[in-house]
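Data block below; observations after.
The values are calculated or read from the model by the stated rules, or taken from the named source; none is laboratory data. Just so we're clear, the structure is a prediction, and the values are computed from it rather than from any experiment. So basically every Cβ, Gly included, is an ideal-geometry build from the backbone, and we count neighbours across all protein chains shown.
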Amino acid sequence: MKKLLLITLSAMGIICAQDCQAQDPQFSQFYASPIYLNPALAGGTDRSRMGVNYRNQWPSLTHSFRTISAYIDYFSKAFESGVGIIINEHKESFLDFTSREIGAVYSYKMPIASGVVFRSGFQLSYFQKNVNFDELVFGNQIDIDNGQVIGPSGEVLDRGLTVNFLSASAGGILYTSNFWLGAAVHHINQPNQSLVDAESKLSRKYSIHSGYKLFLKKGRRLRTVEYQFQERSATFAVNYKSQGGFNQLDVGLQLYFQPLVLGAWYRGIPVQSVNRIIKNESIIFLTGLELSKDLAFGYSYDYTVSQLAGSTGGAHEFSITYTFGIIKKRTKRDTILPCFKY
């Protein structure tokens, strides 16, 4: 039964791709992969930073969907600018499909009032996608009684098809010390991603993200040069995405009791339905730990609440972030970006 479910889902994915309705891979810990969320977040800590995110979706199936993202960014106080590099790889093993991306990012920080800052960013990425159509399964190969695949299809298909293209993205974020509102558009140029001799434009992805951080009573003093207190805060956030006819809303809360983070998200749009099925997708549970003042680790689990519940195994996600370098001397107009930790 699981194999039949996987075949159905994969077939739907191929159909969607040919109709330009495919979605970019996603991360539940999207603030732990900031450049992937919004190019304007490059250099967002006003220090240097590097991080890795890994997502394994639907692990209970014979073949799952794995995504890894790595980035490094740097902020120059002299030019009020951030630069970064991001590398992504997404694999769908059933069809031997791989999508790779390497992108260069630039952002500019502009104080616009006392305690109010606007960052803008631009990204140019090179993509390579390839698929092995020889792994496709057709209806005449499926035993309808048990869902097993039997015998060859008899079809003669190309193997190792590859497409390369460039994609441009841009974004901006406005923030104070406890509030932010950002937006990004990916694949502005809608590049042709067709693996065959046809046109299949990659749909633009639009995202809007916002949040508010509520500072609670401070914790104990830290043994640092600054002699700061441990942060205690509650942060509320939303992230809305739309791409090629699909849309999605994440709403969540994170509690930060330095060095521990606990969080929960809801993913779905309960006021919408498709074929009378409410668009509930998952509940996400997250925990994070600062292993040192510069090194942080996060883990999250997507618990599926849609009709696929119990069949896919949800999704596991890991992130690790390392921040280094010193913050240049600040002015009274400098404001720290208050986004989620993960």
Only one of (1) in a strand (DSSP E or B); (2) over 25 Å from Glu290 (Cβ atoms); (3) touching a Lys or Arg at 6+ places or on another chain (Cβ under 9 Å) fails for Ile112. Which number is that? (3)
The conditions are (1) modelled with pLDDT of 95 or more; (2) loosely packed, with under 14 Cβ neighbours inside 10 Å, and His209 fails exactly one of them. Which is it? (2)
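Where residues in region 91-111 are out of contact with any Asp or Glu (no Cβ under 6 Å at 6 or more places or on another chain) and hydrophobic (A, V, I, L, M, F, W, C), which of them is nearest to Ala40 (Cα to Cα)? Working first, answer last.
Step one: of region 91-111, the residues out of contact with any Asp or Glu (no Cβ under 6 Å at 6 or more places or on another chain) are 91-94, 97-99, 101-108, 110-111.
Those still in the list that are hydrophobic (A, V, I, L, M, F, W, C) too: 94, 97, 102, 104-105, 110.
Values: Phe94: 35, Phe97: 30, Ile102: 17, Ala104: 12, Val105: 8, Met110: 11 Å.
Across region 91-111, the extreme among qualifying residues is Val105.
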Need the failing condition index for Tyr31 against (1) modelled with pLDDT of 60 or more; (2) not in a helix (DSSP H, G or I), just the number. (2)
Scan region 70-95 for residues that are surrounded by fewer than 20 Cβ atoms within 10 Å (Cβ to Cβ), among the hydrophobic types (A, V, I, L, M, F, W, C) and either outside any strand (DSSP E or B) or more than 16 Å from the chain's Cα centre (by Cα) (or both) and jot them down. Ala78, Phe79, Val83
Going through Met12, Met50 one at a time, which residue ends up being modelled with pLDDT of 95 or more and at negative phi? Met50
Listed by first then second residue, the pairs whose first member lies in region 241-259 and is among the small types (Gly, Ala, Ser), whose partner is not in a strand (DSSP E or B), with beta carbons under 7 Å and at least 6 positions apart or on separate chains, are Gly244/Cys20; Gly244/Gln21; Gly244/Ala22; Gly244/Gln23; Gly244/Ser203; Gly245/Gln21
Members of region 296-342 found to be of a type in the set (A, V, I, L, M, F, W, C), under 16 Å from Gln29 (Cα atoms) and either surrounded by fewer than 17 Cβ atoms within 10 Å (Cβ to Cβ) or at pLDDT 90 or above (or both), listed by number: Ala296, Phe297, Ala315, Phe318, Ile320
Selected residue (only one of Thr67, Thr98 is modelled with pLDDT of 90 or more, polar (S, T, N, Q), more than 25 Å from Ala183 (Cβ to Cβ) and part of a strand (DSSP E or B)): Thr98
Among the listed residues Ala170, Ala183, which satisfies the condition of being touching a Phe, Trp or Tyr at 6+ places or on another chain (Cβ under 9 Å) and within 23 Å of Ile336 (Cβ to Cβ)? Ala183
